[in-house]
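Structure record follows, encoded as structure tokens.
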């Protein structure tokens, strides 16, 4: 998230609970230089609250929605009850990723012998990306060349790329489909083996798994950073296997399975 002094109304923010009173909780905003905010008891939880500490306590990390910001008075009013579980999990995930990215920038600056360049590096990334962690994901996906567009010194760019490749775990999606492979020829088993080998990945960047379901059925599972790449690899693998079968006078069919979920 681009560095700002004050949050926007409606924004979700990560907060540390510092003090809980009978009718209000005081927190600091982790992403805004520990600016102080307050959550009135009416915004702690839905329904009647008997004891506020049944819902919030000192030392907790919570995700709140910003209700009102008054920079002149230094007031930030927050709501805990207006944040659902999905929003909370997603915000915490993004916040943790941004915290990691900031540490990586520090490591890169130190490795390049430019500890004084942390803010300059951060500013350069923010000019191209709304958040820091997606920048590091791009470095891994697109390669070292993408760093040349940021106008950074070569030692810093090299250090950023090295740290990205060592630390970033890209999310992946998995797609799959079933192959029907059959041959009535005397060497049919060998033909099917050739067909399955043709579906195997040709490079380390491709992740293709072939599972035996019981002749003549086989399953192909492909993992990739996004559905477009996964679908392309799945089509390539299945077409290769079917092509081998048909050229050898056998049968080959492919049935697409429903999309699987995303993994991290």
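Read the figures in this text as sums done on the coordinates, not as results from a lab. Nothing here was measured: the structure is a model prediction, and the numbers come from that model. Every residue, glycine as well, gets a Cβ built from its backbone with ideal geometry; the counts of neighbours run over all protein chains shown.
Above 19 Å, the calculated P(r) of the range 172-263 contains 35 percent of its Cα-Cα pairs.
May I ask for the percentage of alpha-carbon pairs in the range 87-167 that lie more than 22 Å from each other? Everything past 22 Å amounts to 17 percent. For the range 205-254, a Kirkwood radius taken over Cα pairs fed into Stokes-Einstein (10 °C, viscosity 1.306 mPa s) yields D = 136 µm²/s. Report, to the nearest 10°, how far helix 154-167 tilts away from the longest principal axis of the Cα atoms in the chain, using its own Cα long axis and a range of 0 to 90°. Once rounded, one gets 70 degrees. To the nearest ten degrees, helix 227-247 and the longest principal axis of the Cα atoms of the chain are 10 degrees apart. Looking at the calculated P(r) for the chain, what percent of the C-alpha pair distances fall above 24 Å? Value for the chain (Cα pairs over 24 Å): 64 percent. Peptides 107-116, 12-21 ranked from most to least packed by the mean count of surrounding Cβ atoms within 10 Å: 12-21, 107-116.
Adding -39500 (n - 2.57) for every DSSP H run of four residues or longer, then dividing by how many residues the chain holds, sets the calculated 222 nm ellipticity at -12000 deg cm²/dmol. The mean of 1/r over all pairs of different alpha-carbon atoms in the range 54-125, once inverted, gives a Kirkwood hydrodynamic radius of 15.2 Å. By the Stokes-Einstein formula, at 0.890 mPa s and 25 °C, the range 12-82 with its Kirkwood radius over alpha-carbon pairs has D equal to 206 µm²/s. Against the longest principal axis of the chain, how steep is helix 188-199, in degrees 0 to 90 to the nearest 10, with axes from Cα atoms? Roughly 30 degrees, rounded to the nearest 10. Given the C-alpha centroids of the range 182-246 and the range 76-117, what is the distance between them in whole angstrom? Cα centroid of the range 182-246 versus Cα centroid of the range 76-117: 41 Å apart.
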